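To keep things clear, I will list the structure first and then write my remarks on it.
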């Protein structure tokens, strides 16, 4: 049976493949929605429903986010892997993370650095203190252990929930939610669970794109998404939690779409907030800031002199957006 060679960038016989562009020299993230990604005539392209090709410089990207409606060929996946571009399948605007083409972003140097920080008690405490500072806008109390800081954060979060509930006219009986019994939770808890799930998807996408492991956490430990919870907690009260309480309050008053579809309204509100605020562009630099606080010198990958701190690229008019 005859075989068909995959389409892609060819290399002249006897020459080594071109070396991937260092991460520090790439744009960070590109979103693609409602288009067919393929390798045609040696170029990585997205083809819209009218058959129009738009070239994507995949070798110059750190991460390609595939939103609903995006389809990708085997040749395109192979080329992205060859040039070191992480593929991440997400929900609309990143409100869900379904899968990643190269878990951890294939960055062993960063995974090792993250593990060293988590296993060094002093470095871990410094990272947790930085997370506290970024979350609350003030320096963490001195001479406190990780466990004590976890308790202090828990008490502050409880008070913040109560304040937001009063501001939005929501009856709040505390954070009570069983993932296996969705309908058993009251409306404010369902809205809050939906909102945090949206943020977790975006945070995990950023962690993978930056080359770190979602499971290696600092304040949270022992779960597959421990670091996701750490990162999301830093940003959730400035982003998704107020949306959840606002929608829950609107539903209680019978106001608009919040009354008929409160959970969907939370999801749409989070999606719009992420896009307008450019949260994803802040997450990767924020992750680097947290880990740099551990004060351990990160190992250097070949051809790299500095950690990732690069601006976000947007897809513009790539494909047809819904």
Practice task
Considering every residue within region 185-196, establish whether at least one is more than 19 Å from residue 220 (Cβ to Cβ) and outside any helix (DSSP H, G or I).
Solution key: yes
Handout entry: Filter result for residue 80 (buried (at least 20 other Cβ atoms within 10 Å of the Cβ) and either within 30 Å of residue 43 (Cβ to Cβ) or modelled with pLDDT under 95 (or both))
Key = yes
Practice task
Could you tell me which of the residues 120, 178 is surrounded by fewer than 20 Cβ atoms within 10 Å (Cβ to Cβ) and closer than 22 Å to residue 296 by Cβ?
Solution key: 120
Completion exercise
Of the listed residues (119, 97), the one being free of Cβ contacts under 8 Å to residues at least 24 places away in the same chain and closer than 24 Å to residue 290 by Cα is 119
Practice task
Restricting attention to region 58-79, report how many residues are free of Cβ contacts under 8 Å to residues at least 60 places away in the same chain and over 19 Å from residue 48 (Cβ atoms).
Solution key: 3
Practice task
May I ask you to list the residues in region 166-199 that are over 15 Å from residue 248 (Cα atoms) and touching a residue at least 60 places away in the same chain (Cβ under 8 Å)?
Solution key: 197, 198, 199
Practice task
State which residue pairs qualify: first residue in the same structural domain as residue 244 (by TED's automatic domain parsing) and inside region 151-163, second residue loosely packed, with under 15 Cβ neighbours inside 10 Å in any location, beta carbons under 8 Å apart, and separation of 6 or more residues or different chains.
Solution key: 152/141; 158/174; 158/175; 161/174; 161/175
Fill in the blank from the handout: By my count, helices (runs of 4 or more DSSP H) wholly in region 203-280 with at least 3 residues that are touching a helix residue (DSSP H, G or I) at 6+ places or on another chain (Cβ under 8 Å), in the same structural domain as residue 164 (by TED's automatic domain parsing) and modelled with pLDDT of 95 or more are 226-235, 240-252
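The values are calculated or read from the model by the stated rules, or taken from the named source; none is laboratory data. Since the model is a prediction, treat every value here as computed from it, not as a measurement. Note that each Cβ is placed from the backbone with ideal geometry, even for glycine, and that neighbours are counted across all protein chains shown.
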